[in-house]
Amino acid sequence: MKTDPQGTPGTSSAPGRNTALAGPAKPSNRSSIRPGNLGTVLRLLRDSGPRSRARIATETGLPKATVSSLIGELVELGLVREGAAEREGAIGRPGLAVEIDGRAICGIGVEINVDYLSVIALDLRGEVLAERRLAVDVRGSGPEPVLDSTAQLVTETVAALGKRGIRAVGVTMAAPGAIDLQRGVVEFASNIGWRDVAAVTGLRRRLGPDAPPVLLENDAKLGAIAESVVASAAGTYDLVCLTGETGVGAGIIANGQLLRGIGGFAGEIGHMDLTRSDDPCSCGRRGCWETVVGLAPLLNAAADPDDPVRDPSVDLEQRLTQLIGRAEAGDQRTLAALDRLATGLGPGVALLMNLLNPRLIVLGGHFAHLGGYLIDRVTRDVPERVLAPDAGGCEIALSTLGFTAAARGGALLALDAVYQDPAESS
Ligand SMILES: [Zn+2]
């Protein structure tokens with residue numbers, strides 16, 4: 001797996017311009033078949049959609065004969081296939097369009113979060129092959145049992161896909177907090193109580209020597225990668241994905257590139273002092289933004305400790321659905337808790353707009369689930385806090401990926417190895 005610690009390993013499975021992960025679609029050698037050229041063609045098909053050999057030759061600058069050989073090799077590898085006929089111009093023979101295939105391989109993303117472990121497997125086209133979420137008290141369990149459960153989840157998923165003839169090319173773990181990408185270490189994740197946990201080494205050891213390569217990245221950043229695939233299809237390359245869970249973090253995509261910062265801490269907006277609250281935060285300080293807009297303060301305000309919506313052994317989506325039911329029934333306590341959340345969101349969203357001037361802010365996680373009770377208030381509150389007219393042209397949208405975004409981003413990152421070096425990785 002090739003990653004660039006300064007920039008970002010990037011990937012996109014949607015047509016359109018490259019998003020957070022991909023390198024430029026330039027040939028590495030114009031006269032011979034090289035791994036670089038295989039990747040160039042594969043990334044062009046990913047980013048721009050199906051096209052004929054002739055068009056690929058024109059767009060990459062590679063000779064037509066070279067393109068035909070490259071396509072032949074990619075077909076042999078099972079990564080592309082011939083699709084429908086594509087006519088270029090009014091006259092002449094239509095060429096067969098070549099498109100991404102890759103149904104026999106997958107990338108796996110597995111998310112470790114406060115209330116759950118989740119896994120998702122995507123094929124090379126970004127289609128979901130498998131998906132599962134387990135309610136787990138991650139903070140209460142400690143790292144070793146959680147890594148045991150994570151390994152079991154991955155092993156079962158890999159085995160089930162193997163029975164369908166699908167091979168995993170990589171696994172990316174998503175975790176909250178500060179991540180050392182190179183060492184595969186969760187340096188500090190206050191919400192799950194992890195400090196200096198060698199998660200990649202731990203998972204590799206449990207998966208055994210035949211397991212695919214394992215990576216680790218911050219959950220908000222992976223969520224942003226997944227959202228950038230959705231957004232790039234609509235021509236949006238500057239966006240912020242605001243994850244909503246117990247922790248609240250921002251994944252920032254600027255001009256198609258993921259912003260990590262020097263140490264991978266970029267986007268920790270949940271620990272900024274953006275509220276009048278003096279409540280203690282898991283990080284040891286007081287008044288952090290997530291003490292108002294995080295999942296825990298919402299649930300604590302909405303229900304008593306023995307209420308099922310606060311029971312971490314119950315699936316989070318079920319609990320939020322229950323909460324929505326109460327709001328719809330007019331339950332005053334629930335509505336007051338939602339109102340506090342909606343009011344609290346404005347300052348942070350406005351800060352992101354003032355600081356980054358993105359085209360889009362995507363509200364993910366519990367913000368997305370509860371969006372019907374939040375979006376109008378936030379959209380109304382934010383413009384007056386933003387210096388630029390019309391909020392600088394920024395729109396606020398609810399994520400359509402919900403709690404799967406981070407795991408999806410992980411699966412996309414795992415698949416990026418194939419796009420960078422198809423012959424080696426597939
Ligand atoms: Zn904090």
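Based on C-alpha pairs under 8 angstrom that are at least 6 apart in sequence, the chain has a relative contact order of 19 percent. For the range 287-426, the relative contact order comes to 22 percent (Cα pairs under 8 Å, sequence separation of at least 6). When peptides 405-414, 346-355 are sorted by average Cβ neighbour count within 10 Å, with the highest value leading, the order is 405-414, 346-355. The equivalent ellipsoid that matches the C-alpha gyration tensor of the chain spans semi-axes of 39, 25, 19 angstrom, in descending order. Here the calculated FRET efficiency for GLU144 and ARG310, from their Cβ-Cβ distance with R0 = 25 Å, stands at 0.45, rounded to the nearest 0.05.
Can you give the FRET efficiency to the nearest 0.05 for ALA65 and GLU424, using r as the Cβ-Cβ distance and R₀ = 25 Å? The pair ALA65/GLU424 has a calculated efficiency of 0.60. For ALA97, the amide hydrogen comes within under 5 Å of the amide hydrogens of GLY83, ALA84, ALA85, GLU86, counting only partners 5 or more places away or on other chains and with H modelled in the peptide plane.
Counting only DSSP H runs of at least 4 residues, each contributing -39500 (n - 2.57), and dividing by the residue count of the chain, the helix-based mean residue ellipticity at 222 nm comes to -11500 deg cm²/dmol. At a Förster radius of 25 Å, what calculated FRET efficiency corresponds to the Cβ-Cβ distance of ARG333 and ARG276, to the nearest 0.05? For R0 = 25 Å, the calculated efficiency reads 0.75.
For the listed peptides 301-311, 268-278, a ranking on the average number of other beta carbons within 10 Å per residue, highest first, reads 268-278, 301-311. The label point for ARG385 and the one for GLU187, both projected 7 Å from the Cα toward the Cβ, are 2.8 nm apart. Each of the peptides 366-379, 320-333, 130-143 was scored by the mean count of other Cβ atoms within 10 Å over its residues; in descending order, highest first, they stand as 366-379, 130-143, 320-333.
Rule-based calculations on the coordinates, nothing more; no lab input. Small disclaimer: the values here were computed from a predicted structure and weren't measured. As a convention, Cβ positions derive from the backbone with ideal geometry for all residues, glycine included, and neighbour counts pool all protein chains shown.
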